[in-house]
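The values are calculated or read from the model by the stated rules, or taken from the named source; none is laboratory data. All values derive from a computational prediction rather than experimental measurement. Backbone-built Cβ (ideal geometry, glycine too); neighbour counts: all protein chains shown.
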Amino acid sequence: MDPKGMKPPMPEGMGVPPMMQQMMQKMMAGMQEFNPMAMCQAMMTSVAKSAELAAYATPEARGLFEEWARSVEEEVLALLKKRGRVDLPELAHELKISTESALYFLGKLVREGKATISGIQATEVGGGS
């Protein structure tokens with residue numbers, strides 16, 4: 001660590017924060033076969049679509065999206081308070097959104113300190129020893 005209290009650089013390939021690694025593992029828990037290339041391609045497509053939509057979105061449309069996102073966050077928190085623990089597929093099913101969207105909202109709530117992630121475990125698909 002340098003004198004300014006900064007963290008030393010992470011080793012190559014270790015740049016993904018632990019919380020994100022855990023969230024990705026949880027998201028993939030129900031998958032039988034995982035194709036990292038397909039996941040990367042889907043993410044890039046989503047980013048491109050988001051950028052395209054953002055370019056054409058009016059302030060009113062953006063406001064409506066933000067209002068909807070706040071509403072979903074409130075639903076996630078209400079569900080967590082009611083049930084305590086939920087798994088990602090259950091949360092997505094309950095809210096009628098994709099697991100990717102549920103993961104986004106959970107991550108946002110965790111970053112804001114409104115929720116915590118616990119109970120992460122290895123998957124059958126993950127292999128390893």
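Remarks
- Test set (1) touching a residue at least 60 places away in the same chain (Cβ under 8 Å); (2) over 20 Å from residue 21 (Cβ atoms) - residue 99 fails condition number: (2)
- Pairs where the first residue, in region 36-57, is among the aliphatic types (A, V, I, L, M) and the second is modelled with pLDDT under 70 and not in a helix (DSSP H, G or I), C-beta under 9 Å, 6+ apart: none
- Counting only helices (runs of 4 or more DSSP H) wholly contained in region 36-129, the ones carrying 1 or more residues that are polar (S, T, N, Q) and within 15 Å of the chain's Cα centre (by Cα) occupy 36-56, 99-111.
- From the options 84, 119, 107, residue that is modelled with pLDDT of 85 or more, of a type outside the set (D, E, K, R) and at positive phi: 84
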